[in-house]
Amino acid sequence: MGAKSMMNMAVLMLLLGVTVVTAAMSHDYGDALTKSILFFEGQRSGKLPSNQRMNWRKDSALGDGSDIGVSGYVFPCIFKHAVHKFAQWFCMLDLQINI
């Protein structure tokens, strides 16, 4: 590889690095994560806690499946809990990296 090719490669790598850093700095991932968690809190069903942030959302789906003796609430509850725990873990990971 000639000197001119090496110089072109170095300039290309520098421009690529600047582009990646600029793109990463233009996104507010903390705000996106906060809004995502708020969205998932708004999608909950069942008996909701008294300290919920979505004050317009009320308890729902409490009797689903009761007419045939099945609880229709178990799977959505497990899924919501798993997503919430992953978001908490991701947030803690992000805080540890940024400190």
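The values are calculated or read from the model by the stated rules, or taken from the named source; none is laboratory data. Worth saying up front: this structure is predicted, and the values here are computed from it rather than measured. Positions of Cβ are backbone-derived with ideal geometry, glycine not excepted, and every protein chain shown enters the neighbour counts.
Miscellaneous remarks
- Within segment 47-78, tally of residues that are at pLDDT 80 or above and closer than 26 Å to A32 by Cα: 11
- So M6, is it within 24 Å of C91 (Cα to Cα), at pLDDT below 80 and out of contact with any helix residue (DSSP H, G or I) (no Cβ under 7 Å at 6 or more places or on another chain): no
Each row is one residue, and each column tells you yes or no for (1) surrounded by 10 or more Cβ atoms within 10 Å (Cβ to Cβ); (2) within 15 Å of C77 (Cα to Cα); (3) of a type outside the set (S, T, Y).
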{"residue": "T34", "(1), (2), (3)": "yes, no, no"}
{"residue": "L38", "(1), (2), (3)": "yes, no, yes"}
{"residue": "E41", "(1), (2), (3)": "yes, yes, yes"}
{"residue": "S50", "(1), (2), (3)": "no, no, no"}
{"residue": "D59", "(1), (2), (3)": "yes, yes, yes"}
